[in-house]
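These notes concern the structure reproduced below.
All of the numbers you see were taken from the coordinates with simple rules; none came from a lab. All figures in this text were calculated on a predicted structure; none of them were measured in a lab. Here the Cβ positions follow ideal geometry from the backbone for every residue, glycine too, while neighbour counts run over all protein chains shown.
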């Protein structure tokens, strides 16, 4: 099965890149490696083929601004950063994260495991005017409209008695 990064996370990644264009990207990622594949991870494709997590290098970004924007989005589920984890279910309250990777060099961002969350292209609020659905690309222009034909006048019929 082909896999892909969830469209909602593609929108988030593009907003991050636009807001912090000179940021470090060395710790960025989305598809799981062999270690991820051996366990449950949002970096692994789900049954729909969607990968529902990204990692964003911490260098060159405003992490609190990123996390605030992330938490406000309807697709967001949880984040891990600097030995802390927070999720929607607990009202985004932080608790210690004790996984093998302390996530001190990057921020892990996971969305809800649903087709609706994956396909939600609502902006994440990192750019001016980015909150709200991202409009689809405009359709290519069609052929010019055909001018309307003037109505045909009917000639009066002459009746002969």
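Provide the percentage of antiparallel DSSP beta bridges, counting only those with both residues in the range 4-127; round to the nearest 5.
90
For residue 25 and residue 83, FRET efficiency with R0 = 30 Å and r from the beta-carbon atoms, rounded to 0.05?
Efficiency, rounded to the nearest 0.05: 0.85.
By average Cβ neighbour count within 10 Å, what is the ranking of 21-28, 59-66 from highest down?
Taking the mean over residues of other Cβ atoms within 10 Å, the ranking is 59-66, 21-28.
Between residue 46 and residue 92, 0.36 nm times their residue separation minus their Cα-Cα distance comes to what?
14.1 nm
Could you list 54, 85 so that the one with the fewest beta carbons within 10 Å of its beta carbon is first and the one with the most is last?
Sorted ascending by nearby Cβ count, the order is 85, 54.
Could you line up 31, 111 from fewest to most neighbouring Cβ atoms inside 10 Å?
31, 111
Per-residue counts of other Cβ atoms within 10 Å, averaged by peptide: what ranking do you get for 100-108, 87-95, highest first? Mind showing how you got there, number by number?
On the way: 100-108: 15.4, 87-95: 12.3.
Top of the packing list down: 100-108, 87-95.
With the cut-off at 1.5 for a/c, could you classify the range 1-101 from its C-alpha gyration tensor as rounded, prolate or oblate?
Rounded, because the longest to shortest axis ratio a/c is under 1.5.
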